Amino acid sequence: MKICIVIPAYNEEKRIGKTLEEYGAFFTNLKNKDFQYQILVVINNTKDKTEEVVKNISKKYKEINYLNLKPGGKGFAIIEGFKWAIKKDFDLIGFVDADIATGPEAFFDLIKNIGNSDGIIASRYNSRAKIKGLTFSRKILGKGFNLISRFFFMFPFSDTQCGAKIFRKRVVEKVAYELNITQWAFDINLLYLCKKNKFKIKELPTVWEEKEGSTITKVRTPIQMFLAILRLRIIYSPFQRIFEPIKFIAKIGDNLINKK
């Protein structure tokens, strides 16, 4: 089975090295040789030495590749990684955050437990999840965002935002070119398209650790998240034309907040 793990990286010179070392060592030393893996780091609009760090580690692990793209955004980076993986004909295609909040063992749990499903996502808010260092404000923000997402899109998931997900090739082939949102609501957009196309996505309690360097803020981030979900809900609404003024206002508000 061929597996591609996409890692979006924006100004990650301080964290990406440890992530790639641990993922590279773990998957290289797997006793189960039925798994062939590739890690694709998609560097997007970075202003630091992320590329230099990735390039050096890729010399040690031949399974680590990278792209360096000028446009920014986590979602954009993942979409480009998906397109790359589709062309390379991987069986499973997933992504994980660059901060190693999800370790390689936890990510491998997703691979082992996908079963007959079309995809599997990690959950931090399942009662059986093992979480370390999650602040109260971050937990409230995450659960609040998830509650709004479930209300708007009727999702069954307890955690849509955990940065560890993996899908079968047929899923990625279907949704990669239909994704509209590349910022805060990217995961929601991805899961909604899976639901729309009747793909079976399961959720697995994960092992996750809060890491330093998060760009989440207490005031701006919740507003950005809400505006992103609102825009996405309108995009997929049968009454889109009626709500077009709201969509326009939400987009302007989001752009203004992002410029601050």
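The values are calculated or read from the model by the stated rules, or taken from the named source; none is laboratory data. As the structure is a computational prediction, the values presented were derived from the model and not from experiment. All Cβ positions, glycine included, derive from the backbone under ideal geometry; neighbour counts span all protein chains shown. Accessible surface areas use protein heavy atoms only, side chains included; no ligands, DNA or RNA. Shrake-Rupley method; radii C 1.70, N 1.55, O 1.52, S 1.80 Å.
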Of all residues in the stretch 84-103 being outside any loop (DSSP other than H, G, I, E, B) and farther than 20 Å from L134 by Cβ, the one that is most open to solvent (accessible area, probe 1.4 Å): K87
Flag for F108 being open to solvent by less than 50 Å² (accessible area, probe 1.4 Å) and under 26 Å from N197 (Cβ atoms): no
When residues of the stretch 32-61 are limited to those that are acidic (D, E) and either without any contact (Cβ under 8 Å) to a residue 12 or more places away in the chain or in a helix (DSSP H, G or I) (or both), the one farthest from I93 (Cα to Cα): E52
Which listed residue, of I216, I257, I246, is part of a loop (DSSP other than H, G, I, E, B) and at pLDDT below 70: I216
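Within the stretch 62-83, track down each residue that is in a helix (DSSP H, G or I) and buried (at least 19 other Cβ atoms within 10 Å of the Cβ).
Within the stretch 62-83, K74, G75, F76, A77, I78, I79, E80, G81, F82 meet the criteria.
Filter the stretch 114-157 down to residues that are in a helix (DSSP H, G or I) and among the β-branched types (V, I, T) and give me whichever is surrounded by the most Cβ atoms within 10 Å (Cβ to Cβ).
I148
A quick yes/no check of all residues on (1) of a type in the set (A, V, I, L, M); (2) touching a Gly at 6+ places or on another chain (Cβ under 8 Å); (3) touching a residue at least 24 places away in the same chain (Cβ under 8 Å):
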site: A77; (1), (2), (3): yes, no, yes
site: D89; (1), (2), (3): no, no, yes
site: G94; (1), (2), (3): no, no, yes
site: Y125; (1), (2), (3): no, yes, yes
site: I131; (1), (2), (3): yes, no, yes
site: F151; (1), (2), (3): no, no, no
site: F157; (1), (2), (3): no, no, yes
Qualifying residue in the stretch 175-189 (condition: in contact with an Asp or Glu (Cβ under 8 Å, 6 or more places away or on another chain), closer than 16 Å to I229 by Cα and modelled with pLDDT under 95): yes
Criterion (within 25 Å of K211 (Cα to Cα), modelled with pLDDT of 95 or more and among the small types (G, A, S)) met by exactly one of A101, A85: A101
Residue in the stretch 30-38 that is touching a strand residue (DSSP E or B) at 6+ places or on another chain (Cβ under 7 Å) and open to solvent by less than 30 Å² (accessible area, probe 1.4 Å) present: yes
Residue list for the stretch 15-29, restricted to those being in contact with a Gly (Cβ under 7 Å, 6 or more places away or on another chain) and either open to solvent by less than 50 Å² (accessible area, probe 1.4 Å) or in a loop (DSSP other than H, G, I, E, B) (or both): R15
Hits in the stretch 158-187 - residues which are within 20 Å of I235 (Cβ to Cβ), more than 15 Å from the chain's Cα centre (by Cα) and part of a loop (DSSP other than H, G, I, E, B): Y177, E178
